[in-house]
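For reference, the structure is listed below as structure tokens.
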Amino acid sequence: MKSMVTSDANLNAHLSSFQHKKEAGRFYQDMIVLHVNCSQEYMKLSMHFLDRKLLYVSLLLCNRALKSMLIALYIKEEGRQPMSDILLEDILRMFPEGSGMNAESLIFIQSLSFLSQESSLISKMKPTHLMNLIKRADELLLQISSLLELPYQSYHSVFKM
């Protein structure tokens, strides 16, 4: 009788652990989709503010879109939310070989992040230069989105809408 109780307890613990992992997986999948959707909305808003010649706001939103998509990729790869800002090493590790993501992509991401903190530099930019940055960010968002392998709700280019 004692062994039967022990095995039932072990079975319940195993089922509870399995159920917890399943729920956590769904939670993280939902978080990934949320971040992808946020990236899409940030880019739409970025274009909206670019049209209104609010270059700094446009670049901030573009940078935020990239960060949100990188968080989605981090969640997929690590199975958890990042505890702080994602480091360059983390980003490099998340990009598989042959994905088209390389050192140039990392430099662009870091440069965009730097520029979004320097309003004085942005004020000297022409809208066409900012448009080129946004187009490159849009391309990267498409590439990162494809790494997420979502069955639905992937990122769509803001230039093909």
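What follows draws every value from the coordinates through simple rules; no lab data is involved. Given the structure is predicted, the values throughout are model-derived calculations rather than measurements. Using ideal geometry, Cβ is built from the backbone for each residue, glycine included, and neighbour counts are taken over all protein chains shown.
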Obtain the nm distance between the two label points defined at S154 and K135 by a simple spin-label model: each point lies 7 Å from its Cα along the Cα-to-C-beta direction.
2.2 nm
Kirkwood Rh, Cα Rg: Rg to Rh for region 40-161?
0.96
Go through K53/K160; K67/K124; K67/K135; K126/K160 and tell me which ones have a Cα-Cα distance over 26 Å in this structure.
none
Net charge near L130, counting Lys/Arg +1 and Asp/Glu -1 over other residues with Cβ under 12 Å of its Cβ?
+4
